[in-house]
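Visitor: My questions all concern the structure below.
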Number of protein chains: 2
Amino acid sequence: MQEFASAARLQQKRIGVVPTMGYLHKGHLSLVRAAKERSDLVIMTLFVNPTQFAPTEDLSRYPRDLTRDSELAASAGVDVLFTPAAEEMYPSGYDTYIISERLGTVLEGEFRPTHFRGVLTVVAKLFNITQPHVAVFGQKDAQQAVVITRMARDLNFGIEIIIAPTVRESDGLAMSSRNVYLSPTEHTQALALSRSLKIAEDIITRGERDAQKIISSMTAHITREPDAKIDYIAITDHEKLEPLAKLQSGATALISLAVRFGKTRLIDNTLVKVG
Amino acid sequence: MQEFASAARLQQKRIGVVPTMGYLHKGHLSLVRAAKERSDLVIMTLFVNPTQFAPTEDLSRYPRDLTRDSELAASAGVDVLFTPAAEEMYPSGYDTYIISERLGTVLEGEFRPTHFRGVLTVVAKLFNITQPHVAVFGQKDAQQAVVITRMARDLNFGIEIIIAPTVRESDGLAMSSRNVYLSPTEHTQALALSRSLKIAEDIITRGERDAQKIISSMTAHITREPDAKIDYIAITDHEKLEPLAKLQSGATALISLAVRFGKTRLIDNTLVKVG
């Protein structure tokens, strides 16, 4: 893969990469479209990265379907599908990790303390292997987008990071490979997440600027669902991820949340430009 | 610098990089020669990297002489001298670091717990900025050579790492920019370090295989110097840096040490192929 990418670079091809964990849905395919608009050669990586899962998490049951993924990737216009083995990515004696000192420790980082270390490490490896000019990630994983954008800048990767909008089911549920875990009842209850984000947007439009009041309205809406267990609902600066107490005019706020339904943990978010 | 390196790569130039903290001596110049043998374009980076110094260490008094360094680099055949500012390398909000989980915590890592995190971070940044095919480091910093070689492999940098032999003063003292800190008396006492490594090599040649006995002989030799304070003397595997109790035939052992004389901390080492 690395030799192929080096050769493509020497031929002045512009390389776009879309890193994924597979089990592709319309969200992933929208990332491919964003990559195709910005490059001559689109590489999709498909790797269920063990280092971003904690021992208690769902690595072993994470959904996989390489045959279907290959077909979807090809029909979306992916030129190269790169599917390394875990033993190739993390050989015996593997010792080097990338950490986000502050941005990776808040929000998701409080509940998944080693998650972003795994994400940044594998993304840096995939960047070095595929040598892209542009890389596309989804806004659905808002904090991941922030830490990867910061890493690309901090470590001077010289790669343009594109964050593509979240793609939703027609009922509003943010697309995620993990949605297949949900029972029909849980799926119905999980619609409260996108509705709560809509509620937040609406009350901000109507003039509410107190973050705690907005979070309270969202919490009230979500806790009406009997199986919802809230990990967090937060309103932060969209780049620094620092909590905002008041929404200042002109600021862009990130409203993000993580909620568990049974064994399934869902995240969702929205960016709000404060008027 | 990054644009220049990208353009050189498109012209199929083979890039060699020699990362340094400046205050050049013959050791650095030997690294330049090693780089010139393996590349068309030699970039030397000169950056006194704040993140590899602890607050208690010698960052502010680290010796600097850019005028002399520029002349020495040019006469050694360096094509580009890259001297970034600290604010450019670590701008406001900087958040991303590279760690060596195990290799960076032993030996030097026990005495300088954040040192290799700083080293790996800056080296990865310099790799991304200068885009070398080959990078040259000195064996003098033995553990640094190991963790950087491991990082280049772990993070798939696709860069050949060359480790050039330690260059010594005629009296045996390993060349180091920090040698200027030594008073004449301390310099004389510090010669015990290279002598102790020679003693170790000699007794291994004569058949000694018990690491503790070898370390004891070295300790006895060094502690004869009234100002010597030993941080460690260790015999380890040369790649895994795990302590060796017995020197097995065919193994390559790294004998390394750190000793303080007044405020100056010196390191030295030798690689011994066990017969």
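Rule-based calculations on the coordinates, nothing more; no lab input. Everything quoted here is computed from the prediction, not taken from an experiment. Backbone-built Cβ (ideal geometry, glycine too); neighbour counts: all protein chains shown.
Visitor: Around B:Ile230, which amide H atoms from residues at least 5 apart in sequence, or from another chain, sit under 5 Å from its own amide H, with H modelled in the peptide plane?
Guide: B:Arg260
Visitor: From the Cα trace of chain B, what convex hull volume per residue do you get, rounded to a whole Å³?
Guide: 136
Visitor: Using only Cα atoms, locate the centre of region A:207-267 and the centre of region A:119-160, then give the distance between them in Å, rounded to an integer.
Guide: Centre-to-centre distance over Cα atoms comes out at 25 Å.
Visitor: Residue by residue through A:211-222, how many Cβ atoms from other chains fall within 10 Å of the Cβ on average?
Guide: Mean partner shielding for this stretch: 0.
Visitor: Would you mind putting A:54-63, B:220-229 in packing order, based on average other-beta-carbon counts within 10 Å, highest first?
Guide: Ranking, from highest mean packing down: B:220-229, A:54-63.
Visitor: With labels modelled as points extended 7 Å from the Cα through the Cβ direction, what inter-label distance (nm, one decimal) is found for A:Thr83 paired with A:Arg195?
Guide: 3.9
Visitor: Let me know the charge dipole size of the protein assembly as shown about its Cα centre in debye, to the nearest 20, where only the beta-carbon of Lys, Arg (+1) and Asp, Glu (-1) is charged.
Guide: I would put it at about 120 debye.
Visitor: Contact order normalised by length for chain A, with contacts defined as Cα pairs under 8 Å and 6 or more residues apart; what percent is it?
Guide: 16
Visitor: Further question: In the Gaussian network model of chain A, springs joining C-alpha atoms below 10 Å, which of A:Ile148, A:Ile162, A:Ile129 carries the largest mean-square fluctuation?
Guide: It is A:Ile129.
Visitor: Based on DSSP, what percent of beta bridges with both residues in the protein assembly as shown are antiparallel, to the nearest 5?
Guide: 60
Visitor: Next question, about the same structure. What's the extension gain from A:Ile230 to A:Ser92 if we count 0.36 nm per residue and subtract their Cα-Cα distance?
Guide: Additional length available on full extension: 45.9 nm.
Visitor: OK, next. I want to make sure I understand the PRE zone here: with the label point 7 angstrom from the Cα of B:Arg209 toward its beta carbon, which residues in region B:239-268 have backbone N atoms less than 16 Å away?
Guide: Only B:244-253 fall inside the zone, counting backbone N under 16 Å.
Visitor: Along the positive direction of the dipole of chain A (beta-carbon charges: Lys, Arg +1; Asp, Glu -1; about the Cα centre), which of A:Gly27, A:Ser170, A:Thr105 reaches farthest?
Guide: Of the listed residues, the answer is A:Ser170.
Visitor: Right, another one. Is region A:177-273 rounded, prolate or oblate when judged by the Cα gyration tensor, a ≥ b ≥ c being the square roots of its eigenvalues, rounded requiring a/c under 1.5 and prolate requiring a/b larger than b/c?
Guide: In terms of gyration-tensor shape, prolate.
Visitor: For region A:34-157, what is the Kirkwood hydrodynamic radius in Å, using each pair of distinct C-alpha atoms?
Guide: For region A:34-157, the Kirkwood estimate is 15.7 Å.
Visitor: Can you list the residues, at least 5 places off or on another chain, whose amide H is less than 5 Å from the amide H of A:Glu160, using H built in the peptide plane?
Guide: Hits under the 5 Å cutoff: A:Val134, A:Ala135.
Visitor: OK, next. Report, as an integer, the average count of C-beta atoms from other chains found within 10 Å of each Cβ along A:123-129.
Guide: Rounded to a whole number, the mean comes out at 4.
Visitor: Report, by chain and number, residues whose modeled amide H sits under 5 Å from the one on B:Arg168, excluding near sequence neighbours (fewer than 5 apart, same chain).
Guide: Long-range HN contacts for B:Arg168: B:Met175.
Visitor: Suppose a student asked you for the relative contact order of region B:120-275, using Cα pairs under 8 Å spaced at least 6 residues apart; what percent would you report?
Guide: Here the relative contact order equals 19 percent.
Visitor: Can you give the angle from 0 to 90° between the axis of helix B:211-223 and the longest principal axis of chain B, with both taken from C-alpha atoms, to the nearest 10?
Guide: With rounding to tens, the tilt is 90 degrees.
Visitor: Under 11 Å from a point 7 Å along the Cα-to-Cβ line of A:Glu242: which residues of region A:108-123 have their amide N that close?
Guide: Nothing falls inside the zone, counting backbone N under 11 Å.
Visitor: Please report the antiparallel percentage of the DSSP beta bridges confined to chain A, to the nearest 5.
Guide: Bridges in chain A are about 60 percent antiparallel.
Visitor: While we're on this one: Looking only at other chains, what is the average number of their beta-carbon atoms within 10 angstrom of each beta-carbon in B:188-196?
Guide: Counting Cβ atoms of other protein chains within 10 Å of each residue's Cβ and averaging gives 0.
Visitor: Please tell me which of these pairs span more than 22 angstrom C-alpha to C-alpha: A:Lys140/A:Lys240; A:Lys13/B:Lys36; B:Lys36/B:Lys198; B:Lys140/B:Lys229?
Guide: Over 22 Å apart, Cα to Cα: A:Lys13/B:Lys36; B:Lys36/B:Lys198.
Visitor: Go through B:92-101, A:83-92 and give me the packing order, highest mean Cβ count within 10 Å leading.
Guide: Order by mean packing, descending: B:92-101, A:83-92.
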